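Each remark here refers to the structure printed beneath this line.
The values are calculated or read from the model by the stated rules, or taken from the named source; none is laboratory data. Computed from a prediction, not measured in an experiment: that's the story for all the values here. Backbone-built Cβ (ideal geometry, glycine too); neighbour counts: all protein chains shown. Areas reflect the complete protein model, heavy atoms only, side chains present, ligands, DNA and RNA absent. Shrake-Rupley method; radii C 1.70, N 1.55, O 1.52, S 1.80 Å.
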Amino acid sequence: VAGGCWYVLATQRVVTCLQQRCERSARCDISSSCSKVVCSTLYLSPANMLKISRCGGNSTLMTKSFCFDPEGIFRYGIYEPALPVISSNSLAVKILYPIFWGLLNLSSFGNELSPTSNPLEVVFSICIVLGGLLLFTLLIGNIQVFLHVVMANRKKLQLRRRDIEWWMRRRQLPSGLRQRVRHFETQTWDTMGGEEEMKWIEELPDGLRRDIKRYLCLDLIKKVPLFDSLDDLILDNICDRVKPLVYSKDEKIIREGDPVLRIVFVVSGRVKRSQGLSKGKIATSILEPGGFLGDELLSWCLRRPFIDRLPASSATFTCIEYTEAFGLNENDLRYITEHFRYRFANNQLKRTTRYYSSNWRSWAAVNIQFAWRCYMMKSKSDPSIPVILNGGNEDRLRKYAALFMSLKPRDHLE
């Protein structure tokens, strides 16, 4: 803005110079545009001289070059650097140079300005100096506020770490658990900034709280295939009840056999699923962003007759890396499924739930492997050789069945 005003005022000074020159010439029309030629008897360099066919006497036909001479009798003051910019035919120069001039003089508080006695020029120079001081004052104020916030958060972090370290020493926790606590606190602080934002949101009015949670969670919820086809009303209720969860690396979200307290949807990171089979074998799979765990709880909410006892987890879920997720507790999930049962009873949603369920996928993979091994054993066996009951193909089939067969998951489809 300062550079633009400077360029406009400089152009006005050039026009003033041209008008004064035209008033001294009898052959000059003052109302003519600045681009027309004027006659002058002043001495000019050969580079500024043109043919004299159109001027009489000792006059010289020329353009407005005499008003663009920094060494001339017309003083421009702070507008002198604008003379080559105005006479330039480059639009980029006319735009960039005033911006440069404004930044240079505002940052230096107008130290390089040497105005003439023109009142408008003096007032504009004063505005440049005051504007630079004002911007510098605002900068210092913002820096102070920023440092105050940073130092306050850092002090809060130091006090929290000191309290945690004191508590761990008092309870004599082993070094492994201490390291896990420090790692979790560091990652939580980096993510949340030490602020419990959900506690702030819960204190807001209901309508404002729903709108804020919808803005924060709707895009994440729609990435979950299970919720992709739900109505907006159901999604609003889900957004209002989800809670953000943060897990550090190697943290167990839930263990096999524990009651499922919530259904967890993975937003970022990867989670390893481990399910124990017979003979000590373990089936593993990986949950990517968009996957979910705890679908036993969804089946528990939709099952009729309803059973109060919470379902047990069929696998152990461990975070491979730092994981962000959001969860629905069993009370909130039960509320949603009860009030919108007409939507959750849809056959397409049931099939989607089974397709993306880690339990059903693991069970299907185990059965496919078992069927493939049975087929390979039958194809390799020689029909001319009798089957030995003890230690023959039947025993091998039983062994493979014991190794690879797992319990079929149960859900509300049954």
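Please work out the FRET efficiency for the pair Tyr335 and Ile201, using the Cβ-Cβ distance as r and a Förster radius of 30 Å; give the result to the nearest 0.05. It comes out at approximately 0.95.
Distances between placed amide hydrogens fall under 5 Å for Ser314 paired with Gly257, all partners being 5 or more residues away or on another chain.
When all protein chains stay in place and ligands, DNA and RNA are ignored, the 1.4 Å accessible-area order of Val123, Val246, largest first, is Val123, Val246. Accessible surface calculations at 1.4 Å, restricted to protein heavy atoms, place the range 204-356 at 50 Å² per residue. If R0 is taken as 51 Å, the Cβ-Cβ distance between Glu321 and Phe100 corresponds to a FRET efficiency of 0.60. Dipole size of the range 305-355 about its Cα centre, with +1 on Lys/Arg Cβ and -1 on Asp/Glu Cβ: approximately 420 debye, rounded to the nearest 20. Approximating the spin labels as points 7 Å out from Cα along Cα→Cβ, the Met168-to-Asn142 distance works out to 3.9 nm. In this rough spin-label picture, where each label sits 7 Å from Cα along the Cβ direction, the Ile126-Asp228 distance is 6.8 nm.
Please tell me which of these pairs span more than 19 angstrom C-alpha to C-alpha: Lys213/Lys243; Lys199/Lys243; Lys213/Lys272; Lys222/Lys243; Lys222/Lys350; Lys249/Lys272?
Lys213/Lys272
Quick one: ranking Ser108, Ser114 by accessible area, 1.4 Å probe, largest first, what do you get?
Ser114, Ser108
In this label model, Ile286 and Val150 are separated by 3.8 nm, measuring between points 7 Å along each Cα→Cβ vector. For the range 131-148, the residues whose amide N sits under 19 Å from a probe point set 7 Å from the Cα of Val1 along the beta carbon direction are 131-142.
Mind listing which GluC sites (Glu not before Pro) in the range 126-218 are in a DSSP loop and have 12 or fewer other Cβ atoms within 10 Å?
Sites meeting the loop and neighbour criteria: Glu195, Glu196, Glu203.
Charge dipole of the range 94-220 (Cα centre as origin; +1 on each Lys and Arg Cβ, -1 on each Asp and Glu Cβ, all else neutral): 1000 debye, rounded to the nearest 20. This model, with +1 at the C-beta of Lys and Arg and -1 at the C-beta of Asp and Glu, gives the range 204-356 a dipole about its Cα centre of some 520 debye.
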